[in-house]
Amino acid sequence: MIRHARIPDARAIHQLLLEYANEGQLLGRSLADIYENIRDFYVFEEDGVVLGTGALAISWENLAEVRSLAVAKGQAGKGIGRLIVESCLNEARQLGIKRVFALTYQPEFFQKLGFSEIEKSELPQKIWGACLNCVKFPDCDELALAIDLTD
């Protein structure tokens, strides 16, 4: 089942993200940051266990990001990530956001969902916002992909 995250999910979200952050596959987030942004997150839950998570973070008037996308080890290929991204895209449409992007090491996954590779320079709000505080800035090796949404 996919749903918006709730406060009791924060520790499970943190653990999922930490596992991938320790492998260098995504940027980690502190537990405090997850609590502060819990309303951005979706979780995929099965039998009371959080098996996947992702967040829709609004960057600007017509721009949002799918971030912190992680699926529990052993659960890949079951459509969990796809459901989370689709939930983020549906919410973006409801909010009137026209473009959603992702910075990722897994471009093929996003391309299957309709995203196309773009230059990071097309995302000035991101580059001069969250990226400035990133340990990888300015040498980010993630690929930028985006999807343009229609009403």
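For a label point 7 angstrom out from the Cα of Q106 toward its Cβ, which stretches of the range 8-40 have the backbone nitrogen within less than 15 Å?
16-28, by backbone N distance to the label point.
Given the peptides 111-123, 7-19, arrange them by the average over their residues of other C-beta atoms within 10 Å, most packed first.
Final packing ranking: 7-19, 111-123.
Consider just the alpha-carbon atoms of the range 2-148 and return their Rg together with their Dmax, both in angstrom.
For the range 2-148, the Cα radius of gyration and maximum Cα-Cα distance read 14.3, 42 Å.
Local charge sum around I38 (other residues, Cβ-Cβ under 15 Å, Lys/Arg +1, Asp/Glu -1)?
Charge balance near I38 sits at 0.
Enumerate the calculated ³J(HN,Hα) couplings along the range 35-42 in order (Karplus 6.51 cos²θ - 1.76 cosθ + 1.60, θ = phi - 60°), each rounded to whole Hz, writing x wherever the residue is Gly or Pro.
4, 5, 10, 4, 5, 7, 8, 10
How big is the gap, in Å, between the Cα center of the range 22-50 and the Cα center of the range 101-123?
With the range 22-50 and the range 101-123 each reduced to a Cα centre, they are spaced 20 Å.
Note down the net charge around R6, summing +1 for each Lys or Arg and -1 for each Asp or Glu among other residues with Cβ under 13 Å from its Cβ.
0
Around K98, which amide H atoms from residues at least 5 apart in sequence, or from another chain, sit under 5 Å from its own amide H, with H modelled in the peptide plane?
Under 5 Å from the amide H of K98 lie the amide H atoms of L63, each far enough along the sequence or on another chain.
Could you go through the range 8-24 in sequence order and give the Karplus-derived ³J(HN,Hα) for each residue, using 6.51 cos²θ - 1.76 cosθ + 1.60 with θ = phi - 60°, rounded to whole Hz, and x for Gly and Pro?
With coefficients 6.51, -1.76 and 1.60, one gets x, 7, 4, 5, 5, 4, 4, 5, 4, 5, 4, 4, 6, 5, 5, 8, x Hz.
Once the piece of chain linking W60 and E86 is laid out straight, how much longer is it, given 0.36 nm per residue of separation minus the C-alpha distance between them?
7.4 nm
Just so you know, all these numbers are worked out from the coordinates, no wet-lab data involved. Given the structure is predicted, the values throughout are model-derived calculations rather than measurements. All Cβ positions, even for glycine, are placed from backbone atoms using ideal geometry, and neighbour counts span all protein chains on display.
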